[in-house]
1. I'd like the residue in the stretch 147-183 that is among the hydrophobic types (A, V, I, L, M, F, W, C), surrounded by 14 or more Cβ atoms within 10 Å (Cβ to Cβ) and farther than 11 Å from Ser250 by Cβ and, out of all such residues, is modelled with the lowest pLDDT.
2. If only one of Lys280, Lys260, Lys225 is in a loop (DSSP other than H, G, I, E, B) and either closer than 22 Å to Gly180 by Cβ or out of contact with any helix residue (DSSP H, G or I) (no Cβ under 6 Å at 6 or more places or on another chain) (or both), which one is it?
3. Would you be able to say whether some residue in the stretch 277-287 is buried (at least 18 other Cβ atoms within 10 Å of the Cβ) and either at pLDDT 85 or above or touching a Cys at 6+ places or on another chain (Cβ under 7 Å) (or both)?
4. Quick one: which residue in Lys280, Lys206 is closer than 14 Å to Ile165 by Cβ and among the basic types (Lys, Arg)?
5. What is the one condition in (1) over 26 Å from Arg168 (Cβ atoms); (2) assigned to a loop (DSSP other than H, G, I, E, B) that Gly310 does not satisfy?
6. Tell me which residues, restricted to the stretch 297-317, are more than 46 Å from the chain's Cα centre (by Cα), modelled with pLDDT under 90 and among the small types (Gly, Ala, Ser).
7. For the stretch 313-346, name all the residues that are surrounded by fewer than 11 Cβ atoms within 10 Å (Cβ to Cβ) and assigned to a loop (DSSP other than H, G, I, E, B).
8. Can you find a residue that is β-branched (Val, Ile, Thr), farther than 17 Å from Pro185 by Cα and surrounded by fewer than 19 Cβ atoms within 10 Å (Cβ to Cβ) anywhere in the stretch 226-237?
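The values are calculated or read from the model by the stated rules, or taken from the named source; none is laboratory data. Everything quoted here is computed from the prediction, not taken from an experiment. Note that we place each Cβ from the backbone using ideal geometry, even for glycine, and neighbour counts take in every protein chain shown.
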Amino acid sequence: MLRKLVLLIFIVVGASIGIFLIPELIGLFNFNVPEIVSNPYVDGAVGIIVFFLLFYWLVDRVVEWIIKGEKRLLNISLIDLISATFGMIIGLMIASMISLIFNFMGFPFLKNTVPIILAVVLGYLGFQVGIQKRGEILNLLPERFQSSKRKSFEFPKLLDTSAIIDGRILSIVKCGFLDGTIVVPQGVLDELQLIADSTDGIKRDKGQRGLDILNALQETGHTVKIVPGNKSIKEVDQLLVAMAKDMNASVITTDFNLNKVCQVQGIQVLNVNDLSEAIKPVVAQGDKMLLNVTKSGKEEDQGVGYMEDGTMVVVEHGKKYINKQIKVEVQSILQTSSGRIIFTKKVND
């Protein structure tokens with residue numbers, strides 16, 4: 001059926017070209033043509049024959065292109081399709097206004113050809129701009145006309161693969177410090193599955209841990225939604241940035257590079273590492289605390305222990321207290337590029 005439709009289009013195009021172009025060519029080259037064949041029906045038939053001789057080989061390819069286009073349209077959401085159509089209409093309106101200028105010119109070629117080219121080019125550009133700017137187009141509409149999909153994502157938070165594998169997001173959600181809907185793009189889930197299927201043992205463990213964390217997140221009762229995202233974007237970081245712009249969402253991540261890209265794009269980033277750094281216990285000189293000494297230090301007779309957040313604590317003359325819990329007093333704090341080091345000495349209980 002589709003092939004017959006394409007053949008019909010070819011017939012219409014060939015006939016149109018013959019009817020409009022053959023008289024122009026006859027007048028241009030001053031051919032003497034008998035009156036019996038000088039009529040639109042003959043011109044149309046000649047145009048169809050010539051067009052088929054030249055372009056019949058394109059019929060099957062056009063059918064394939066239409067089928068591929070149909071599949072792509074079916075994969076586009078209704079909201080995207082409406083936005084793209086709106087953009088295409090704007091493009092066609094601009095093309096029509098420009099075409100009015102050429103209607104006042106005396107050249108038939110300009111009047112009949114340029115408007116078609118403008119309609120195709122500007123219509124296509126409008127279609128693409130409509131898809132890319134669908135979020136801004138929807139924001140122009142009153143709230144009651146906006147899609148239920150957009151309304152359903154209140155204060156959306158897009159979850160990155162690195163934040164899922166990190167695992168601390170689960171504790172943050174359980175404590176109730178995160179509001180809004182947690183959105184996991186299908187691309188992130190696919191990346192997790194790919195890591196979990198890796199032949200590398202370390203990567204495989206990380207991927208499986210990430211899937212377990214995601215399952216645990218869904219069991220917390222917090223709203224967690226897995227959405228398809230944009231299938232045309234294969235790279236996960238690009239997908240997260242595009243979706244964050246479209247949904248006006250924040251991105252939860254521990255990835256340094258994604259953090260920087262989002263900041264450049266004006267997207268709010270919730271970095272789990274920054275949160276962890278912010279809630280570290282504040283320790284000042286003279287404070288006292290209990291510490292488990294776990295190993296010896298670099299210097300002679302030093303002992304080393306760690307606070308709950310992982311901060312290294314060095315105990316003067318603490319080597320003899322390894323595997324014991326002692327009370328220490330903070331003497332000084334050294335801030336390095338890799339974190340803080342707290343220097344202490346043992347005090348009496």
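1. At the first step, the residues of the stretch 147-183 found to be among the hydrophobic types (A, V, I, L, M, F, W, C) are 153, 155, 158-159, 163-165, 169-170, 172-173, 175, 177-178, 182-183.
From what's left, surrounded by 14 or more Cβ atoms within 10 Å (Cβ to Cβ): 153, 158-159, 163-165, 169-170, 172-173, 178, 182-183.
Remaining after also requiring farther than 11 Å from Ser250 by Cβ: 153, 163-165, 169-170, 172-173.
Working: Phe153: 54, Ala163: 89, Ile164: 90, Ile165: 89, Ile169: 88, Leu170: 88, Ile172: 87, Val173: 88.
Looking at the filtered set, the residue picked out is Phe153.
2. Lys280
3. no
4. None of the others qualify; the one that does is Lys206.
5. (1)
6. Of everything in the stretch 297-317, just one residue is more than 46 Å from the chain's Cα centre (by Cα), modelled with pLDDT under 90 and among the small types (Gly, Ala, Ser), namely Gly297.
7. Asn323, Ser337, Ser338
8. There is no residue in the stretch 226-237 that is β-branched (Val, Ile, Thr), farther than 17 Å from Pro185 by Cα and surrounded by fewer than 19 Cβ atoms within 10 Å (Cβ to Cβ).
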